[in-house]
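Enquirer: Have a look at the structure that comes next, please.
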Amino acid sequence: MSRILLILLSMFTMSFVAISPAWSKFTEATQDVRDVEVKSKLKAQPKAVLVYAKGLCCPSCAIGVRKMLSRLAFVDTTKDNSGIDLDAKHQLVTITLKAGAKADLKALATAVDEAGYEPVHAYAWQDNKVVTSSLAQNPFRVVP
């Protein structure tokens, strides 16, 4: 019995070691790189709102973001992925709005925060340009 346990433990350890280097290579996109991506995404989908969620590093880790945002009344959950597209490479979340709806930035920030990420900026397309809004909820958080 202990031999089986030892084999399983070594398999788990090898799997963990194989995965670990990928996580250590994660770096946030620079703001300049993110700005280019924001403009491209909003030109393609001008009725959407984008959120920069600091710390978003992989689509599977960010499933909570989709879950929290899809609960908001202004999100068009009839679209693919419940109207929420995750771009971990640029730390961006694209939110598809219902026709005629306006995004509630405070609700967006709260949902992203409750999903475990730091909401930094919201981006929208107005008059052929990107408009950026700050989503910072607590610029000075106290960690107990």
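The values are calculated or read from the model by the stated rules, or taken from the named source; none is laboratory data. No experiment lies behind these values; they were computed from the predicted model shown. Note that we place each Cβ from the backbone using ideal geometry, even for glycine, and neighbour counts take in every protein chain shown.
Enquirer: Note down all Cβ pairs under 8 Å where the first residue falls in segment 37-49 and is within 12 Å of residue 85 (Cβ to Cβ), the second is of a type in the set (A, V, I, L, M, F, W, C) and assigned to a helix (DSSP H, G or I), and they're at least six residues apart or on different chains.
Expert: 48/42; 49/108
Enquirer: Please verify whether residue 79 is of a type outside the set (Val, Ile, Thr), without any contact (Cβ under 8 Å) to a residue 40 or more places away in the chain and closer than 17 Å to residue 134 by Cα, treating the condition exactly as stated.
Expert: Working: of a type outside the set (Val, Ile, Thr): yes; without any contact (Cβ under 8 Å) to a residue 40 or more places away in the chain: yes; closer than 17 Å to residue 134 by Cα: no.
Considered against the rule, which asks whether it is of a type outside the set (Val, Ile, Thr), without any contact (Cβ under 8 Å) to a residue 40 or more places away in the chain and closer than 17 Å to residue 134 by Cα, residue 79 comes out as no.
Enquirer: Any residue that is of a type in the set (Ser, Thr, Tyr), surrounded by 16 or more Cβ atoms within 10 Å (Cβ to Cβ), closer than 26 Å to residue 126 by Cβ and at pLDDT 90 or above - is there at least one of those in segment 67-74? Spell out how you get there, then give the answer.
Expert: In the first step, residues of segment 67-74 are kept if they are of a type in the set (Ser, Thr, Tyr); the result is 70.
Of the ones still in play, those that are also surrounded by 16 or more Cβ atoms within 10 Å (Cβ to Cβ) are 70.
Narrowing the set further to residues that are closer than 26 Å to residue 126 by Cβ leaves 70.
Within this subset, residues satisfying the condition of being at pLDDT 90 or above are 70.
Yes, segment 67-74 contains a residue that is of a type in the set (Ser, Thr, Tyr), surrounded by 16 or more Cβ atoms within 10 Å (Cβ to Cβ), closer than 26 Å to residue 126 by Cβ and at pLDDT 90 or above.
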